[in-house]
1. Listed residues Asp184, Asp159; which is of a type in the set (Asp, Glu), at pLDDT 95 or above, farther than 18 Å from Phe277 by Cα and loosely packed, with under 15 Cβ neighbours inside 10 Å?
2. Please work out if Leu356 is assigned to a strand (DSSP E or B), within 25 Å of Ser33 (Cα to Cα) and modelled with pLDDT of 95 or more.
3. Report, by residue number, each residue of the range 79-99 that is buried (at least 16 other Cβ atoms within 10 Å of the Cβ) and assigned to a helix (DSSP H, G or I).
4. Can you tell me which residues in the range 41-57 are within 17 Å of Ala262 (Cβ to Cβ), in a helix (DSSP H, G or I) and not acidic (Asp, Glu)?
5. How many residues does the range 244-271 hold that are among the charged types (D, E, K, R) and either outside the structural domain of Lys64 (by TED's automatic domain parsing) or modelled with pLDDT of 95 or more (or both)?
6. Which is of a type outside the set (Val, Ile, Thr), surrounded by 14 or more Cβ atoms within 10 Å (Cβ to Cβ) and in a strand (DSSP E or B), of Glu409, Glu394?
7. Starting from the range 238-257, take each residue that is at positive phi and list its partners that are at pLDDT below 90, counting only C-beta distances under 6 angstrom and pairs at least six apart or across chains.
8. Applying the selection to the range 325-352, what residues are of a type outside the set (Ser, Thr, Tyr), surrounded by fewer than 16 Cβ atoms within 10 Å (Cβ to Cβ) and touching a His at 6+ places or on another chain (Cβ under 9 Å)?
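The values are calculated or read from the model by the stated rules, or taken from the named source; none is laboratory data. As the structure is a computational prediction, the values presented were derived from the model and not from experiment. Here the Cβ is made from the backbone with ideal geometry for all residues, glycine too, and neighbour counts use every protein chain on show.
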Amino acid sequence: MSLAVMHEDGLRVEGVALAEIAARFGTPCYVYSRAALTAAYAAYRDALQAHGLAQRSLICYAVKANSNLAILNLFARLGAGFDIVSGGELARVLAAGGDANKIVFSGVGKSRAEMRAALEAGIHCFNVESASELEHLSEVAGSVGRRAPVSLRVNPDVDPKTHPYISTGLKSAKFGVAFDEAFDLYRRAATLPHIAVKGIDCHIGSQLLDPAPAAEAADKVLALVDRLAAAGIVLEHIDLGGGMGIQYRADAPAPAAADYLAPMLSRLAGRREKLMFEPGRSLVGNAGLLLTRVEVLKPGEEKHFAVVDAAMNDLMRPALYDAWHDIARVGADGTATGTAMSYEIVGPVCESGDFLGHDRLLALNEGDLLAILSAGAYGMAMASNYNSRPRAAEVMVDGSAVHLIRRREDVAQLFALESTLP
């Protein structure tokens, strides 16, 4: 699970000491590993290859997990497609060198302007999530003289057994077309002159550790595909989404990609359709960490606080989901002079919910560096400027080299688009 490995000079990522990165780029700072990103993608590719499916499949990275241009560019070089949910993500993928014909556009509220931009770019497919969206897309495609390639994102009403905020496949979710309504909506789509029915999409949630719900959803999707074929609507691709979880805690292992995908891939053997997946967190989550420095140690009667220079605006997941991230001291073993005690790891933001970890047993001194692990997904992508805090720098480690892939913001940039009253 751990991206960082302890050496005699402290924690390192690949061949670079985190203390060196902090000295060069400051803190807080997101640190990613090119080798870890590449290995995570290869795990999906190899699982597909083992089932003889690599030649007719496409791995579409879910851009919302981490949209840094360098990460998108790396996945594009590896042959990935991209799952996007906004016009901004479309622009990012194209700027990073992504192939428009490998882009699928998901999301429940695509604007007409976003539809038009995606059509003009020549994306692979729209994952349509409502009857209304289908009609809007048909109108937009007609206005620019095109046929929009579509899948319906079908909601199979399968419980993914994950946090309710990241469950997307239940009847109560805002996402997708209800399973019982999908057949009729496909028949409607097939009659629209500016719509080209291409496939089917299903995504039931995120941080999934048990493959059984995804396999159950696949069974329902395949049954619908066969029913559509019998009615004369033959689909070209089946997209089973993403959602595979990662290991956040040392005592809570996550499945390997091959094991998680195996129940789905066994169901897909022998079929003619092209296969697509939309992994996000599982490609980037354990390939990144957030580097931060202890500013203040504040002992108390009931709790001891370690106030660090990263905060909820840098990493929202703990405050939003009560999410756990392992937190490690960066210094080498034997260099800690403080007494080990249970600390609340908190930031300087003016909110009681501004925490990065509860009850962490650490020996700390002011000025120590900490690594907040498994922070490559939904870390920088969800960062904000709350309390007028500039967002962190991002760096990519590549062997013994370190590349700055996003400069730290400065305060003046935060209000550069604002103006005072006359």
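1. Asp184
2. Here the answer is yes, as Leu356 does meet what is asked.
3. Scanning the range 79-99 gives Gly87, Glu89, Leu90, Arg92, Val93, Leu94.
4. Within the range 41-57, Ala42, Ala43, Tyr44, Arg45, Ala47, Leu48, Gln49, Ala50, Ala54 meet the criteria.
5. 1
6. From the options Glu409, Glu394, the qualifying one is Glu394.
7. What qualifies is Gly243/Gly205; Gly243/Ser206.
8. Ala332, Met341
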